[in-house]
Structures are given as C-alpha cells and as structure tokens.
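I have placed the structure first, in the form of structure tokens, so that the comments after it can refer back to it.
The values are calculated or read from the model by the stated rules, or taken from the named source; none is laboratory data. These numbers were taken from a predicted model, which means no experiment stands behind them. We place every Cβ from the backbone using ideal geometry, glycine too, and count neighbours over all the protein chains shown. Note: accessible area is taken over every heavy atom of the protein model, side chains too, but ligands, DNA and RNA are not part of it. Shrake-Rupley method; radii C 1.70, N 1.55, O 1.52, S 1.80 Å.
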Amino acid sequence: MAEPVSPAERALRADLERGPFQSGVDRGKWRLLLVEWPHVQIAVSASADCGPTEYVLRFECSNYPQSAPTARLWDPERGAPLAPDWWPTGTKRAPLAFNPEWKEGTCLYLPCDRISFVGHEAWRTQHPEMIWSATSEITLYLRIVHELLNSSDYTGPRSA
C-alpha cells in the first residue's frame, strides 16, 4: 500500500510539471534527477567554458512552498555532498554563494535558501527579487543558481 502523499510533496510535484520548471528543462537550464521526498535532486547547467557542464543540487523541501527549500551541492554517483574542491567558484558573487565553509556546506549562501536566510533580514530590502514567499516555486532558486553558473563571474570548480 502506497504511503499518502503530503500536501508539500503534492505542491512540489505540481510545480515540477508546470510551465516555469518545464520551460527551464526545455531550454537546457536544469533537469530533474530524482524525487525521494522530502529530497529532490536537480541538475543545473553551467557554462561549458569553465568545467563541468552541470552541478547537482539536493534540495530539502519539507513544508514546501510555505517554507523555502534549502539546497546543497551533491554528488549523485557517491550519494553524498559534493567534495569542496569541486564546488563552483568565481570572482565576486559565485564564491560567496558557493562557499563550502558556510554552514559546513549544508546550504548555498543565497537569500532564497531557508537556512541561509536566518539572521539576514536585511536581504528583504537588499535582494527582494530573491526572497522566498509562500507563492514562490522551486524555479526561483534554480534561476538564481543557473544565472550564477552561467555568468562571467563563474570560473569553474575550485580544483581547476
């Protein structure tokens, strides 16, 4: 007998089937790898000029969408967090967002991340376009990461 699907899982799965997420898939920006509730693995494309063509995010989505998801860089082959040497880096914004020392690599340093937002109330006025709300979709997070990984700021993995 199948376990009942929670409202949070149902909401996330609906967002994964909607236009904004599917448009990103169609444009090669990201792709869904796995849903093992409350975790979701999504690969986000990166500039091929700098290293890997994609990075995998492992989201924790409990209480979605009322609570923002949190995500960490993930190595799906090992089924473990991505080694710090392979984290993306850059010249300005990328090394801040992709900082393996921030919260011991458990999340990205982004205003839309549930864990990172704690203690950063000023982000509401500094980065209002990146703040999660109960009407946000996972594509908010994905768009921010995709933009960073495809910007001139991104220089590849730390090990490069």
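Observations on the structure shown:
- The range 6-154 - percent of accessible surface contributed by carbon and sulfur, probe 1.4 Å: 51 percent
- The mean accessible area for residues of the range 1-78, using a 1.4 Å probe and ignoring ligands and nucleic acids, is 55 Å² per residue.
- By the helix-only formula, in which each DSSP H run with n ≥ 4 contributes -39500 (n - 2.57) and the sum is divided by residues, the chain has a 222 nm mean residue ellipticity of -7000 deg cm²/dmol.
- Built amide H within the under 5 Å cut-off of Glu54, gap 5+: Ala46
- Label separation (Gln22 vs Gln126): 3.8 nm, computed from points 7 Å beyond Cα along the C-beta direction.
- Relative contact order (percent, whole number), the range 5-160, Cα cutoff 8 Å, 6+ residue spacing: 24 percent
- Glu104 paired with His39, simple spin-label distance in nm, labels 7 Å along Cα-to-beta-carbon: 1.6 nm
- Estimated D of the chain in µm² per second, where Rh is the Kirkwood radius over Cα pairs and Stokes-Einstein applies at 10 °C, 1.306 mPa s: 100 µm²/s
- Near-label residues of the range 126-160 by backbone N, under 17 Å of a point 7 Å along Cα→Cβ of Arg31: 146
- Full-extension gain in nm, Asp75 to Glu3, via 0.36 nm per residue minus C-alpha separation: 23.2 nm
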